[in-house]
Amino acid sequence: MDLGTGALPSDAASPAIVASVASAGTVPGAGVARPSAAARAAALDSINRSARLQLGWLWEWAKIFQFAVVLFLLVRAFLVEAYKIPSGSMEGTLLVGDFLLVNKLVYGAEVPLTGRHLPRLRAPARGEVVVFQWPSDPRKNFVKRLVGLPGDTLAMRGGTLYVNGTAQDERYVTHTEPGADPTYEDFRWQRGHVVRTAAAESFASSAAAAPMAAPPAATPMADSLALDAGALPLGRADRNPGDHPSRNNWGPLIVPADSYFVLGDNRDNSLDSRYWGFVPDSLLRGRPMVVYYSYAPDSARRMAWLTAVRWSRLGVRVR
């Protein structure tokens, strides 16, 4: 028997050894160990199970994200929407830089892409602050105070608003130019809506007899500016406000059916119904509820939205 080569005789291989090697997953006569079919199947199953767990986790998060997006869109479309105040037309009530939460359900939210509205919870009330689409450009949203309902007779004399012949005590109104009463081409639309009945003439006469703001002192410079702006002094007896409407003297007008008349609380700096007309009921978007955030955008501080926060306005209800 030759042992120099270190090899065993072919007839010397023990059945026990062969069986042991086979059970270990090796092939007799081969120097490389190969996994058995069962081991490979177990490894593949483990890898697949791990991949399924990872994909399952991602799928669960994807479902949560989709649900959150759908919920957000539903809430925004039908319940509540956020708006920012960009101008000072409502100063005294709302400030530039205020962020509002608007209740859209109260007046009947619009169903997207259909032009139809849900049933409203109640009708708009006189004196409420409302958000609406600007009739001249429905892509823009305005916020004003509703002062005239369908069928109301409205007029203004000396800056005082009259509703159905009664002067209104509007404590929320501010005037930044109390001595001026300009007239613009934009007011001409009112001429086609001025009431020409005897009752309206009686109302106009009684309103004209009410105390009016005194005209500004006459100076060459003031007269020049007034003429350049097309301004007419208050209290002119030779002017019918219905035929020559101005910012503080106009009407009487009757609000048409399914429409509203709106004014800004800052009466001398507000692009409102005096300039472009009535607001159709279909353009109402909702009623502001609360100021949820506010900052001073004209602040000289850096990152004003963080460093110039108006903390006292957070949570203020809109009235």
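Which value in nm describes the separation of the simple spin-label points at Trp134 and Arg76, placed 7 Å from the Cα toward the beta carbon?
Between Trp134 and Arg76, the simple spin-label model gives 2.2 nm.
Pop out the ³J(HN,Hα) list for region 129-146 in order, Karplus 6.51 cos²θ - 1.76 cosθ + 1.60 with θ = phi - 60°, rounded to Hz; leave Gly and Pro as x.
Values per residue, Gly and Pro as x: 7, 10, 10, 8, 7, 5, x, 6, 7, x, 6, 9, 9, 10, 10, 9, 9, 7 Hz.
Long-range amide H contacts for Ala109: which residues qualify at under 5 Å (H placed 1.01 Å from N, peptide plane, sequence gap of 5 or more or a different chain)?
Leu118
Across region 179-190, in residue order, what do the Karplus-derived ³J(HN,Hα) couplings come to in whole Hz, using 6.51 cos²θ - 1.76 cosθ + 1.60 with θ = phi - 60° and x for Gly and Pro?
In residue order, the calculated couplings are x, 10, 9, x, 10, 10, 4, 4, 6, 5, 4, 5 Hz.
Explain nothing, just compute: Karplus ³J(HN,Hα) = 6.51 cos²θ - 1.76 cosθ + 1.60, θ = phi - 60°, for every residue of region 301-309 in order, whole Hz, x for Gly and Pro.
With coefficients 6.51, -1.76 and 1.60, one gets 6, 6, 6, 4, 5, 10, 9, 10, 6 Hz.
Search the structure for amide H atoms under 5 Å from the amide H of Gly127, placed 1.01 Å from N in the peptide plane, and list their residues when 5 or more places away or on another chain.
Distant-sequence amide H within range of Gly127: Leu146, Val147.
Bear in mind that the values in this text are calculations on the coordinates, not laboratory data. Since the model is a prediction, treat every value here as computed from it, not as a measurement. Glycine also receives a Cβ, built like all others from the backbone with ideal geometry; neighbour counts cover every protein chain displayed.
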